[in-house]
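The block underneath contains the structure these notes are about, expressed in structure tokens.
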Amino acid sequence: MNKKIYKLIKKYDNIVIARHINADPDAMGSTFALKEAIKETFPDKSVFLAGVASARFNYMGKFDHDKDYENLSDCLLISLDTPVKRLLDLEDLDKYSYKIKIDHHPKLEEYCDLELINDKKSSASEMVYDLINETNLKMNKKVAEYLFYGIVADTGRFLFSNTSSSVLKVIASLIDEYNLDIERLYFNLYKRPINELRLQGYMANNMKVTKNGVGYIKVTSDVMESFHLDSASSGGAINEFNNVEDFIVWTSAVEDKKNDNIRVSIRSRGPAINHIAEKYNGGGHKVASGAKVKSFAEVDSLIEDLDKLCKEYQGSENNENN
Ligand code: AMP
């Protein structure tokens, strides 16, 4: 499949690379890496990154403006890290001559002409590495750094269960070959304003736990404003509760006044949670999902569903503590 994707990249002079809304380091890293690899291999091609720019990722480099690519004709679209069309940070898909999807989320919807999906892969960035490695696309130090960002972030610094020996070998080879300054790269990825740490402290102080092991915290927009933060800043905080032994599943629900919704993040140490996230206008991976809901009443119902799930899990064979 990677060879077929390479042939299509070779064929088209105009290429737009898109990723999901509320971009994270894997969405960013994989798209920046693929653009850089295509430009390194085919300097004359026009390649653009679609999606809203975010100051949080300025360390990745320059973002493109939609005006740059909106009038291109005969253009290839490559979607990365985005399982469903509604989450793509790009509109008007019909105008593209051919569409490719490369994604590591479980398959939910087909919206491209060619879809390469592998939910065993740690990240979209690992899939871009494979694409480069198995074809004549060229790697350079910048590409290696972008891939490092995406892989490190989506494996939670190699803590999550999607960390395979092959992804560790990929990282080792990138560090070796391109002499990566990992201290600088880690700082770029994990630096944050003191107020985000204060929010995390608030979450830890106010987190509750249900009878069957669901840790949860609801954060209103007033609380967010008191920390001078918006809901986008809450994203990483949930991962900090990974090792709390009282939780099987844990979730944060952060009100976003500007967009009039509540952004939910869910994590699990055992039972698959993506089906429950899908029920609440969300989705994601088996053990890391997200959703957007309209009210805290919906959040309560989500917590109830998660609690039921944990109860079933505690009684099931899958639970290694039984
Ligand atoms: P987050 O908790 O925002 O870090 O998201 C964790 C995972 O859930 C990511 O892989 C996202 O792709 C997915 N996800 C987050 N929000 C949504 C949503 N509203 N709809 C579908 N998937 C989502």
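Laid out as a table, the results:
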read-out: In region 252-269, residue farthest from the ligand (Cβ to nearest atom) [restricted to those that are under 18 Å from the mean Cα position of the chain (by Cα) and polar (S, T, N, Q)]; value: Ser268
read-out: Any hit, region 49-67, residues being of a type in the set (Lys, Arg) and buried (at least 20 other Cβ atoms within 10 Å of the Cβ); value: no
read-out: Residue satisfying condition, being within 11 Å of the ligand (Cβ to nearest atom), closer than 30 Å to Glu109 by Cα and either of a type in the set (A, V, I, L, M, F, W, C) or touching a residue at least 24 places away in the same chain (Cβ under 8 Å) (or both), within set Ala291, Ala272; value: Ala291
read-out: Qualifying helices (runs of 4 or more DSSP H) (wholly inside region 1-118; at least 3 residues being modelled with pLDDT of 95 or more and either more than 30 Å from Val264 (Cα to Cα) or not basic (Lys, Arg) (or both)); value: 2-11, 25-41
read-out: Residue satisfying condition, being within 13 Å of the ligand (Cβ to nearest atom) and under 24 Å from the mean Cα position of the chain (by Cα), within set Ala237, Ala204; value: Ala237
read-out: Exclusive hit being part of a helix (DSSP H, G or I) and buried (at least 17 other Cβ atoms within 10 Å of the Cβ), set Tyr186, Tyr129; value: Tyr129
read-out: Restricting region 101-126 to residues that are surrounded by 18 or more Cβ atoms within 10 Å (Cβ to Cβ) and among the polar types (S, T, N, Q), the residue that is nearest to Leu34 (Cα to Cα); value: Ser125
read-out: Scope region 91-109; condition touching a strand residue (DSSP E or B) at 6+ places or on another chain (Cβ under 9 Å) and within 16 Å of the ligand (Cβ to nearest atom); matching residues; value: Lys101, Ile102, Asp103, His104, His105, Pro106, Lys107, Leu108
read-out: Residue check for Ser173: more than 18 Å from the chain's Cα centre (by Cα) and farther than 22 Å from Ala23 by Cβ; value: yes
read-out: Number of positions in region 189-215 that are surrounded by fewer than 14 Cβ atoms within 10 Å (Cβ to Cβ) and closer than 14 Å to Tyr149 by Cβ; value: 2
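The values are calculated or read from the model by the stated rules, or taken from the named source; none is laboratory data. Computed from a predicted model, the values in this text were never measured in an experiment. A quick note on method: Cβ atoms are made from the backbone with ideal geometry, for glycine too, and the neighbour counts reach across all protein chains shown.
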